Amino acid sequence: MLEQHLPALPIILPLIAAPIALLLGRSILSWGFATLVSGLAFIFSWQLLAAALSDGVLSYAVGGWAPPWGIELRVDVANAFVLLAVTAISTLVLVYSKDSIEKEVKAANHSLFYTAHLLCLAGLSGILITGDAFNLFVFLEVSSLATYALVSLASDRRCLTAAFRYLVMGTIGATFILIGVGMLYMKTGTLNMMDLAVRIDAYDSSRTINTGLAFIMVGVSIKLALFPLHMWLPPAYTHAPSAVSAFLSSTATKVAVYVMIRFIFTVFGIEHVFVDMGMGLILMVLAVVAIFKCSYMATVQSNVKTVLAYSSVAQIGYMILGLSLVSVAGLMAGMIHIFNHALMKGALFMAVGAVFYRVGSVDIKAFAGLGRKMPLTMAAFAIAGLSIIGVPLTVGFVSKWYLVTAALEQDNWIVAALVLLGSLFAVVYIGRVLEAAYFQKLPESQGSKNIKEVSWLMLAPMWVLVIANIYFGIDTSLTTEAANSAAEWLFQADSMSVSKALEGQMSDTVVQEVSS
Amino acid sequence: MNFILDYYNYWIVVFLMMAGFYIVISANNLVKKIVGLNVFQTSVFMLYISMGKVSGGTAPIVVEGVTEYSNPLPHVLILTAIVVGVATTAVGLALVVRIKRAYGTVEENEFDNKDDAI
């Protein structure tokens, strides 16, 4: 009974649990309940990934209406992989949030926080699992609306203006996606993604389809904070409560990257997007500029949360760079980086949140001398920071390794060199914080005597992520296998248009990759 | 000329879309920004309803003696999108109320100055 409805459970469970968390009212009860629900969602997504790896695609017809007429939930390796990362981070952040939220959010709003978190989780799972283009827009709005509320819950008033700007940008992005989906429906008369993929093939050079593609790409780019459209992200992540920054930076933008992958590879087809429309070059240029401009911006900020927010935009550049290489290896590097970046940014934001909990500031000056006072927190920050830089034995190294390999496979030396150069900026911005923490003296003020390590409830999820950073940096079998089969699957789903590309201008590498 | 007249509903959509977008970008007052956002979203609703129209068909409601109906699916989809739009407006206005309480103003340039002063 439960087995049969497995694909629907990660969406339904948090959605039903959200109002219950609100009704529970008391902070501790809502916290326990939300954590339990998120943990269950994690177990279900683990089973989904296992099922998808063994059986291939799971299709679930909502309400018994068969696709393409009804809404279809479709789980394959690609989205089960991202779903696993999202639910895992959500559970860890919820464990962490109990203490952190008590400090940063007014007591009256605690159960509202957990409700909004669960709604956001439901929306994100929905985006990942659904196989229906319009449904994707609805879930995108469900998660976004919950996100705006989450950002605005901090005690600092600047979070309100940040949330408002995020709302304006997010709504424009989502409306662009809606326009794009409308244009696709206008031409093809279907909303099911698999059905769309087949029918779009027949209208390859239709102007309506191309306009729809442009609208969807711009809309999704706003949502995932691709370089020139990222202006909402740094203020939103800086002023949101720490737990929210940790959750959003490691899930929301990653899910939007997944949406872009899904639209390019499943719906429009790589040949159409990359060869006919020439989007590969646009994405590659934007990604490289994002890596350099935003890494540079990260080095000159004084607020450590802003540093990490700009670093997030730069890391998104790496993911988009991976998929703009148009090869299985490149896409795989992008998928691995989605997972790995969730691990490292989650740990970094949690460590910064712990510093805020004790010191009451996240300015880089506030980190002075913390290496001795909060050894475990700062060690977690250091290891996750090394991971962002890409030091061997951490996950950051794994994703950069695959990205550079994918670039070299196409003899694209410039991109490979740029990826490595970008890491130098990470050395600077992580190094500045570590320098303050380990090589500067603790300021001799009254309050600083009482600074001590945070409770285990905050340390445990942080260290789970740090250990995962190291574990997946050494034993890469799970991540690379899942990402590789996801990438291969996405390319195979598109093999029809690839075989057509044989005669076309598509580079030979792609075709070899698919046939091998 | 015929091209313009035949597609007049789409011209209205494009005009509203651009007007709404311009208001969102240029308005200084946060409530006006939300109004602009609403105009922008409404233009998309009209786009969907236009494309559901079947020439000679009536509204997709069962009536005696009518056999041709407009495509009901865009109507249903846009009903969902309207609900989403209402929810967005509600969240946006709630934020504006809280911004007014925290800063004492809803003019964007004014609260920017207040944060810089801190």
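The numbers here are math on the coordinates, done by the rules we state, and not lab data. As the structure is a prediction and not an experimental result, all values here were calculated from the model. When we count neighbours, we look across all protein chains shown, and the Cβ atoms used for this are built from the backbone with ideal geometry, even at glycine.
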Please give the helix A:207-224 orientation as an angle from the longest Cα principal axis of chain A, in degrees from 0 to 90, rounded to the nearest 10. 10 degrees
Could you pull out the pairs from A:K223/A:K400; A:K254/A:K305; A:K293/A:K452; A:K305/A:K373; A:K254/A:K452; A:K103/B:K114 whose alpha carbons sit more than 28 Å apart here? A:K293/A:K452; A:K254/A:K452
Chain A: longest segment with zero exposed chymotrypsin sites (Phe, Trp or Tyr not before Pro), where exposed means DSSP loop plus at most 16 other C-beta atoms within 10 Å, is residues A:204-516
On a 0 to 90° scale, report how tilted helix A:27-55 is relative to the longest principal axis of chain A, with both axes built from alpha carbons and the result rounded to the nearest 10. 30 degrees
Any DSSP H helix in chain B with Cα axial reach of 15 Å or more and mean Kyte-Doolittle score of at least 1.0? Listed by number, the hits are B:8-26, B:30-52, B:72-103
Can you classify the stretch A:358-412 as rounded, prolate or oblate using the Cα gyration tensor, where a ≥ b ≥ c are the square roots of its eigenvalues, rounded means a/c under 1.5, and otherwise it's prolate if a/b beats b/c and oblate if not? prolate
Going by Cα centres, the stretch A:113-170 and the stretch B:51-69 are how many Å apart? 37 Å
In nanometres, the difference between 0.36 nm per residue of separation and the alpha-carbon distance of A:A66 and A:T211 is 49.3 nm
Amide H within-cut-off set for B:Y69, under 5 Å, with H built and near neighbours excluded: B:T58
Between A:D55 and B:A94, how many nm apart are label points set 7 Å from Cα along the C-beta direction? 3.9 nm
Towards the positive end of the charge dipole of the protein assembly as shown, with charges on Cβ (+1 Lys, Arg; -1 Asp, Glu), say which of A:F292, A:A460, A:M374 has the farthest Cα. A:M374
Tell me, which longest segment in chain A has none of the trypsin sites (Lys or Arg not before Pro) that fall in DSSP loops with at most 14 further Cβ atoms within 10 Å? A:107-440
Want the number for A:I20 to A:A460: 0.36 nm per residue separation, take away the alpha-carbon distance, what's left? 155.7 nm
Taking the Cα centre of the protein assembly as shown as the origin and placing charges on Cβ (Lys, Arg +1; Asp, Glu -1), which of A:N450, A:A85, A:W46 is farthest toward the positive end of the dipole? A:N450
Between rounded, prolate and oblate, where does chain B land on the alpha carbon gyration tensor, with a ≥ b ≥ c its root eigenvalues, rounded for a/c under 1.5, else prolate if a/b exceeds b/c? oblate
Gyration tensor on Cα atoms of the stretch A:412-488, a ≥ b ≥ c root eigenvalues, a/c under 1.5 rounded, else prolate if a/b beats b/c, else oblate, says oblate
Just want the answer: with Cβ charges of +1 for Lys and Arg and -1 for Asp and Glu, which residue in B:A59, B:V91, B:I49 is farthest toward the dipole's positive end in chain B? B:V91
What whole-number distance in Å separates the alpha-carbon centres of the stretch A:189-225 and the stretch A:52-83? 20 Å
Whole-Hz couplings from phi, Karplus 6.51/-1.76/1.60, listed for the stretch A:132-140; x for Gly and Pro: 10, 5, 6, 4, 4, 4, 5, 5, 4
CD proxy, 222 nm, the protein assembly as shown: helix-only mean residue ellipticity via -39,500 (n - 2.57) per DSSP H run with n ≥ 4, per residue, nearest 500, stands at -25000 deg cm²/dmol
Per residue of B:87-96, what is the mean number of Cβ atoms on other protein chains within 10 angstrom of that residue's Cβ? 5
